[in-house]
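The values are calculated or read from the model by the stated rules, or taken from the named source; none is laboratory data. Please read these numbers as outputs of a predicted model, since none were measured by experiment. Don't worry about glycine lacking a Cβ; one is built from the backbone with ideal geometry, like all the others, and counts go over all protein chains shown. Keep in mind that these areas ignore ligands, DNA and RNA; they rest on the heavy atoms of the full protein, side chains included. Shrake-Rupley method; radii C 1.70, N 1.55, O 1.52, S 1.80 Å.
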Protein chains: 2
Amino acid sequence: MDTRSPTTTHLTDAQRVDWLRLIRSDNVGPRTFRSLVNHFGSARAALERLPDLARRGGAARPARICTEADARTELLAGEKLGVSLLAPGEAGYPPRLAVLDDAPPLLGVRGAREVLMRPMIAIVGSRNASGAGLKFASQLARDLSDAGFVIASGLARGIDQSAHRASLTGGTVAMLAGGHDKVYPPEHEDLLAAIVASGGAISEMPLGHAPRARDFPRRNRLISGASLGVVVVEAALRSGSLITARIAAEQGREVFAVPGSPLDPRAAGTNDLIKQGATLITEAADVIQAVEPIMGRPIELGEPDDDPLAPEPDASDRARIVGLLGPTPVLLDDLIRMAEASPAIVRTVLLELELAGRLERHGGGLVSLI
Amino acid sequence: MDTRSPTTTHLTDAQRVDWLRLIRSDNVGPRTFRSLVNHFGSARAALERLPDLARRGGAARPARICTEADARTELLAGEKLGVSLLAPGEAGYPPRLAVLDDAPPLLGVRGAREVLMRPMIAIVGSRNASGAGLKFASQLARDLSDAGFVIASGLARGIDQSAHRASLTGGTVAMLAGGHDKVYPPEHEDLLAAIVASGGAISEMPLGHAPRARDFPRRNRLISGASLGVVVVEAALRSGSLITARIAAEQGREVFAVPGSPLDPRAAGTNDLIKQGATLITEAADVIQAVEPIMGRPIELGEPDDDPLAPEPDASDRARIVGLLGPTPVLLDDLIRMAEASPAIVRTVLLELELAGRLERHGGGLVSLI
């Protein structure tokens, strides 16, 4: 099964337990999950091989594998909160998110599933926004909502909050950096409840997971990935919204930015985005005009990423590849060339290292030893 | 002689008198001037043929031809004010302006000729500018001036005034819509004096000409034409600065716009320019980066426009072509096709009509009967 199929999928209960066990096991991220399931044919088969692979990768101690009991406990706790753990292709899993290379294999979804299936536009910006910025975000969210779009944002203070509030009636979706029961910021618990009443909330994190700083950039890929495009309303230079814009561009999403005076530091980031090629917008019509042609096209899977693994690399391959790696990120393609091994062997060794917690994957095909 | 030569030219006194007589005669604009001089070989020869051509074009009354005495009087009056009437290619005639199709055959120039020969950037915008807009225009003019650019603008209130004032030391040029002795707005007489003391002022209008509304768009082509690019700082929709930006684009000049909040009506015009492809700028470096590659290139003449005229169209050609014309503008190319006459004959008939005051030339090769 292609774990990213945009067509209708339905996991059996047993499959869902296996998938949850695999994605909740140590050192398994969305990309590793896909490699493993593609190679071993199922999450169940991958789970059986996990200890072996991690040991070969040189794990200092046995990697923790999520037990069936823990997985069932999480599924039950989710049910009580109204959180379903959905696979890409299941109803309620945002279709554009489902086709990303690093789509969460199971996404915790709360709220109105039909809203999550509709075309989304993300509106993001400063927590510390100006009155004009907040007003503009509200107006834009309302107008896009009236035009039938679902508004995606990150539940933060400032622009996010304004965008969510103004689109409650039409439907809005909060992408969370922590578990569904760890609302951040805590004072937005009521706002989240209102969002979920008519729209939805999604998280890839387990219940009980309090969001850490590094979870926010990771969460940002859900905001842009689920959307046709991202509007950045106000952003200082080097702010989180610009990270979302960069990820959006990498995902092939439209990037829109709201201009502001060069004398206003809260517009420095958005003006800079426009200099770099983002589309300047001043009203909802600008956004709609840009995304309408995209909406007509079928949602396409990204480049297929089911590169085969090797049956088993030998010890000398493993030693040679590990020897080439260090703390400085190196391009996977360069590594394959320098290792004088087949791509399948290099990928397998990297997977083993990853499962052993010894490998870090950066953007753009870069890897380094931890 | 190519009347637009960017290379060094020097008119004799007699030529200058003839040129001035021709351009100051009824119904002779810069383009007609060039057609006539190209066809008849000199301004003197053209002056001799003028009455004949206008009569054939059906002038209601004999077209007024500027006398030698009037021309000499204007030249002398100019000298007293420090105004020289310069031809394209003469030192003090801005080189980029000199190569335009509709470059003034004689430009009234006051001030420091070397400043008028240096690379210019135009800064324009609302008369009714905000404090932030005025501050930005000042800062930008100062920074571009410090980087060696001469600042061109229109001596208006608001943005123009700020740009001129901030660049007095480095050199700034005021492009006037009326004669040099008819300063508009009148309260900027002191500012103009300060501008001319270290920079310059140019006008294609005779002394004593008080600017009318239609002279401002015409003047705007001098602002953009003399410059590498035009920066629009603040502009409402449908404002005069946007006309300058449109002309600049038609002239192949860079168009820069300063962004502003969508909630600020004074930024609506500049944001719109950016939507249409103008370059968003927030600082002088953005402008410099864009114009530097252009500065390195030699200044090129536009498309040669010395299409031949016919020795003499016959009466039936004339009647047929006039019959095809009306108050609705028609494309010159369509007219040539419909008239089933040679382009040279159509051009000659149009020139006759123009000299008779019966033809209006619009942008984009459109003509209509008056």
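The distance between label points at residue B:12 and residue A:324 comes to 8.1 nm (points 7 Å beyond Cα on the Cα→Cβ vector). Write out the GluC sites (Glu not before Pro) in segment B:319-370 meeting two conditions: DSSP loop, and at most 16 other Cβ atoms within 10 Å of their Cβ. Listed in order of number, the matching sites are B:340.
Sorted shortest first, the distances from the residue A:365 label point to those of the same residue in the other copies are 4.8 nm; each point sits 7 Å from Cα along Cα-to-Cβ. Each other copy holds its own label point for residue A:298; taking that point as 7 Å from Cα along Cα to Cβ, the gaps run 5.7 nm, nearest first. The slack in the chain from residue B:285 to residue B:64, taken as 0.36 nm per residue of separation less the alpha-carbon distance, amounts to 74.5 nm. Annotation for residue A:15, label-to-label distances across the other copies: 8.8 nm (shortest first, one decimal, point 7 Å from Cα along Cα→Cβ). Take the accessible area of B alone and of A alone, subtract that of the pair with a 1.4 Å probe, and the total buried over both chains is about 1300 Å². Accessible surface calculations at 1.4 Å, restricted to protein heavy atoms, place the protein assembly as shown at 42 Å² per residue. For an R0 of 51 angstrom, estimate the FRET efficiency from the Cβ-Cβ distance between residue B:297 and residue B:52 and round to the nearest 0.05. FRET efficiency, residue B:297 to residue B:52: 0.75. Measuring from the axis that maps chain A onto chain B, the chain A residue with the nearest beta carbon and its rounded distance in angstrom come out as A:259, 2. In terms of its C-alpha gyration tensor, segment B:55-181 comes out prolate, because a/c is 1.5 or above and the ratio a/b outweighs b/c. Taking label positions 7 Å along the Cα-Cβ direction at both residue B:314 and residue B:169, the computed distance is 7.2 nm, reported to one decimal.
Would you mind giving the mean number of other chain beta-carbons within 10 Å of the Cβ of each residue in A:275-285, as a whole number?
Mean shielding by partner chains, rounded to a whole number: 3.
When the Gaussian network model of chain A links Cα atoms closer than 10 Å, the mean-square fluctuations of A:277, A:357, A:78 top out at A:277. Other residues lying with their Cβ under 13 Å from the Cβ of residue B:266 contribute a combined charge of -1, Lys and Arg counting +1, Asp and Glu -1.
For segment A:214-370, taking Cα atoms only, Rg and Dmax work out to 20.3, 61 Å respectively.
Please work out whether segment A:120-254 counts as rounded, prolate or oblate from its C-alpha gyration tensor, where a ≥ b ≥ c are the square roots of the eigenvalues and a/c under 1.5 means rounded, while otherwise a/b larger than b/c means prolate and anything else oblate?
rounded
Quick check: from the Cα gyration tensor, does chain A come out rounded (a/c under 1.5), prolate or oblate? The shape class here is prolate. Neighbours of residue A:248, meaning other residues whose beta-carbon lies under 12 angstrom from its beta-carbon, give a summed charge of +2 when Lys and Arg score +1 and Asp and Glu score -1. Per-residue packing, averaged as other Cβ atoms within 10 Å, sorts the ranges A:243-249, B:249-255, B:157-163, A:59-65 into the order B:157-163, A:243-249, B:249-255, A:59-65, beginning with the highest. All C-alpha to C-alpha distances of the protein assembly as shown, sorted into 10 Å bins beginning at zero, yield P(r) values of 3, 13, 17, 16, 14, 11, 10, 8, 5, 2, 0 percent in whole numbers.
Taking A:179, A:58, A:133 as the candidate residues, the one with maximal mean-square fluctuation in a Gaussian network model of chain A, Cα springs under 10 Å, is A:58. Placing pseudo-labels 7 Å out from each Cα toward the beta carbon at residue A:187 and residue B:77 gives an inter-label distance of 7.2 nm. Computed packing ranks the peptides A:363-369, A:149-155 as A:149-155, A:363-369, most packed first, by mean other Cβ atoms within 10 Å.
Kirkwood radius for segment B:199-282, taken over all pairs of different Cα atoms as the inverse mean of 1/r, rounds to 13.5 Å. Taking a Cβ cut-off of under 13 Å around residue B:280, the surrounding Lys, Arg, Asp and Glu residues balance to a net charge of -3, with basic ones at +1 and acidic ones at -1.
Per-residue 3J(HN,Hα) values for segment A:205-214, derived from phi via the Karplus relation 6.51 cos²θ - 1.76 cosθ + 1.60 with θ = phi - 60°, read 8, x, 4, x, 7, 7, x, 9, 3, 6 Hz in sequence order (x marks Gly and Pro).
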